[in-house]
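The values are calculated or read from the model by the stated rules, or taken from the named source; none is laboratory data. What you are looking at is a predicted structure, and each value in this text was computed from that prediction instead of being measured. Glycine also receives a Cβ, built like all others from the backbone with ideal geometry; neighbour counts cover every protein chain displayed. Keep in mind that these areas ignore ligands, DNA and RNA; they rest on the heavy atoms of the full protein, side chains included. Shrake-Rupley method; radii C 1.70, N 1.55, O 1.52, S 1.80 Å.
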Amino acid sequence: MNTPLDKNGSARPGKTRKNSLCRAKALAGVSAVALLMTSLAHAQTPPSSETAMVRLIRGLIESGALKKDVGAALLAQAQTEAIAAQQAQRQAAAVPATSGRNKIEPGDVRVPYISASVRDQIRDEVKGEIMAQAKSEGWAAPNETPEWSKRIRIEGDMRVRGESRFYSGNNGNIETDWKGINSGSGYDVNSNTNLALPQLLNTRQDRANQLRIRARLGIFADISENTQAGLRLASGSDDSPVSTTQTLGGGLDKKNVWLDQAWLSYKFNEMLKVTGGRFGNPFFSTEMLFSNDLNFDGVVAQFNKTLENKDLSVFGTLGLVPLEYSSDNSPSRSQNKLSSQNKWLIGAQVGGQWKLDAENRLRGAVGYYDFKNITGRVSDSCALYAGADGCNTDWSRPAFMQRGNTLMLLRNIALDPTNPANTPQPQYVGLASKFQLLDLNARWDTRIAGGYGFRLDGNFIRNLAYDENEMLRRATVGIVNNGGTAQPGVRGNFKSGANAYMMQATLGNPNPAVVGEWNVLAGYRRIEPDALPDAYNDSTFHQGGTNAKGYYLGGNYAIDKNTLFSGRWYATKSVYGAPVAIDTLQLELNTRF
């Protein structure tokens, strides 16, 4: 039979699908007949060594209706049964007849009777088994995929960004890079033994036209109706928790790939789900507190309930997040080890969403975040000059930091009695404040100006644990604060604050995905130095961290399906301390799949 072809010589899809269906139906019918023939084969085997069943299976293999491995197994079974039938026939012929009525003459064949209802039942069972096998293996319907593949999805996104940073010529030119110092061997604060400046951040030289990318690829599986798992890889220039952006260049070297997410979740019912591992931000928050690229380690329970009128829903989140485990082998060159220390974030949030009418929705949430054991601690006296392997509170320096928080010196360094003035004093720094945050979030979605979408976001954060006097008492060695210092009993030029707030307005579609959809946005933020830990928020606004204020403008336009051209402009400056003004321009192309 000739297969209809299109003008390019290819088989027409409709005809191909029809032929595949016909082949599957024919296969089911032939299999039913084959079963009946098997029954007959036990009673009568043709003289030829190759029975009808064997020939039938060979034909199915040659036509492609049976896979070679399946056909080979069936072929072996059919040949074995044919031989057994021949032996049974010979044995039956050898048994003498007991009466003339039941006497078997040479050439006689005994055929068992099978009723019509039994034949129909056998046919239906065989057809059902074959169609089930065909569906699971994907050969009855060639365009179908195996069942397990339907429970796995692949998602990803890609971004190419051009970024320029512009620094004011009036900026102060001394801003210590405490992050770099903490990751090294410390900075010697004794001017008698160290005349070099500490590591410093750039505050005056522009960085124009820096090309950067972000790539993320995830595999997510629905194990069952209740169990899910996910794994995602991402790019990144370093192990920063707040950015997966990779800066290009570097002599065209290969780029790093990091484990971005790895989680397992179980849904107890429609309202309660628990997730463990490394997962996306489970809290309703803004980038002022948690960067959009930030993922969380630990365990989180999420509750969501839509009330009876369906216009109001409530949600809640409770998370236990390990921030850092200190080494259990410190000091490494000492027989006496320090006890292990753990740093935690315990977060709780409750909120609701209310659909006022067809055009207006409100969403609000109240959160409380307790950062435990992240505050710096002054060490016991440690004789580094005598070969001590560090000090006993070195673990209290942050594992990661950006800029802005008030910092305190951690090491109580003993002086060499033979030469006290020339004793090196390499210092680390830790956070001077405790952090227990009250976080208020609100969002209003509506339509204005002839039906354009309009969204207004607001966020206020207060550090309830902020206490300047306690910070000064805790920092017995000294405080370092945004270019200023304070000594025990002397406040100096110490300045800080405990509040942060932001407002953002978005006009257009908040999430453009179809060609022609767009939005524009404008916002303002002010983050005082100790309103929140500087390690976890947006890394673009004032180059990340706290002690920053300013506005930003942006827009997004969908140039293709799930493909956006975006731009943002940030104009920021420091709140306290030496003046540091930074303008940032980002132009980027984003796509997701």
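Taking only pairs six or more apart or across chains, which ones have beta-carbon atoms under 8 Å, a first residue in region 329-349 that is of a type in the set (Ser, Thr, Tyr), and a second residue that is open to solvent by 60 Å² or more (accessible area, probe 1.4 Å) and assigned to a strand (DSSP E or B)?
Note: pairs meeting the criteria are Ser340/Tyr325.
Are there any strands (runs of 3 or more DSSP E) wholly within region 485-589 with 2 or more residues that are modelled with pLDDT under 95, and if so which?
Values: elements: 499-508, 518-527, 548-560, 563-574.
Of the strands (runs of 3 or more DSSP E) lying wholly inside region 485-589, none has at least 2 residues that are modelled with pLDDT under 95.
Here is a list: Leu217, Leu195. Which entry is open to solvent by 80 Å² or more (accessible area, probe 1.4 Å) and part of a strand (DSSP E or B)?
Values: Leu195 fails: part of a strand (DSSP E or B).
Only one candidate passes the filter, namely Leu217.
Which of the residues that make up region 204-222 are farther than 19 Å from Gly280 by Cα and either of a type in the set (D, E, K, R) or modelled with pLDDT of 95 or more (or both)? Working first, answer last.
Quick first cut of region 204-222, residues farther than 19 Å from Gly280 by Cα only: 204-213.
Hits for region 204-222 are Arg204, Gln205, Asp206, Arg207, Gln210, Leu211, Arg212, Ile213.
List every residue pair whose Cβ atoms sit under 8 Å apart, with the two residues 6 or more apart in sequence or on different chains, where the first one lies in region 504-527 and is of a type in the set (Asp, Glu) and the second, anywhere, is not in a loop (DSSP other than H, G, I, E, B).
Listed pairs, sorted by first residue: Glu517/Gly508; Glu517/Tyr557; Glu517/Ala558.
Output the residue which, of all residues in region 242-279 that are under 14 Å from the mean Cα position of the chain (by Cα) and open to solvent by 30 Å² or more (accessible area, probe 1.4 Å), is farthest from Arg403 (Cα to Cα). Please lay out each step first, then the result.
Of region 242-279, the ones under 14 Å from the mean Cα position of the chain (by Cα) are 242-244, 257-265, 275-279.
From what's left, open to solvent by 30 Å² or more (accessible area, probe 1.4 Å): 257-259, 262-264, 277-278.
Values: Val257: 26, Trp258: 24, Leu259: 25, Ala262: 29, Trp263: 30, Leu264: 34, Gly277: 28, Arg278: 25 Å.
If we take residues in region 242-279 being under 14 Å from the mean Cα position of the chain (by Cα) and open to solvent by 30 Å² or more (accessible area, probe 1.4 Å), then Leu264 is farthest from Arg403 (Cα to Cα).
Residues are listed down the side, and each one gets a yes or a no for (1) charged (D, E, K, R); (2) closer than 20 Å to Gln586 by Cα; (3) open to solvent by 40 Å² or more (accessible area, probe 1.4 Å):
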position	(1), (2), (3)
Leu464	no, no, yes
Glu468	yes, no, yes
Leu472	no, no, yes
Ile479	no, no, no
Phe494	no, no, no
Gly497	no, no, no
Gly516	no, no, no
Ala522	no, yes, yes
Glu528	yes, no, no
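Out of everything in region 280-300 that is β-branched (Val, Ile, Thr) and in a strand (DSSP E or B), what residue ends up being surrounded by the most Cβ atoms within 10 Å (Cβ to Cβ)? Walk me through it before giving the result.
First, the residues of region 280-300 that are β-branched (Val, Ile, Thr): 286, 299-300.
Narrowing the set further to residues that are in a strand (DSSP E or B) leaves 299-300.
Numbers: Val299: 16, Val300: 22.
Looking at the filtered set, the residue picked out is Val300.
Taking the conditions exactly as written (at pLDDT 70 or above, touching a Lys or Arg at 6+ places or on another chain (Cβ under 6 Å) and of a type in the set (Lys, Arg)), does Arg55 satisfy them or not?
Values: at pLDDT 70 or above: yes; touching a Lys or Arg at 6+ places or on another chain (Cβ under 6 Å): no; of a type in the set (Lys, Arg): yes.
Considered against the rule, which asks whether it is at pLDDT 70 or above, touching a Lys or Arg at 6+ places or on another chain (Cβ under 6 Å) and of a type in the set (Lys, Arg), Arg55 comes out as no.
Among the listed residues Pro112, Pro96, identify the single one that is closer than 30 Å to Thr51 by Cβ, modelled with pLDDT of 60 or more and assigned to a loop (DSSP other than H, G, I, E, B). Walk me through it before giving the result.
Values: Pro96 fails: modelled with pLDDT of 60 or more.
So the residue among Pro112, Pro96 that is closer than 30 Å to Thr51 by Cβ, modelled with pLDDT of 60 or more and assigned to a loop (DSSP other than H, G, I, E, B) is Pro112.
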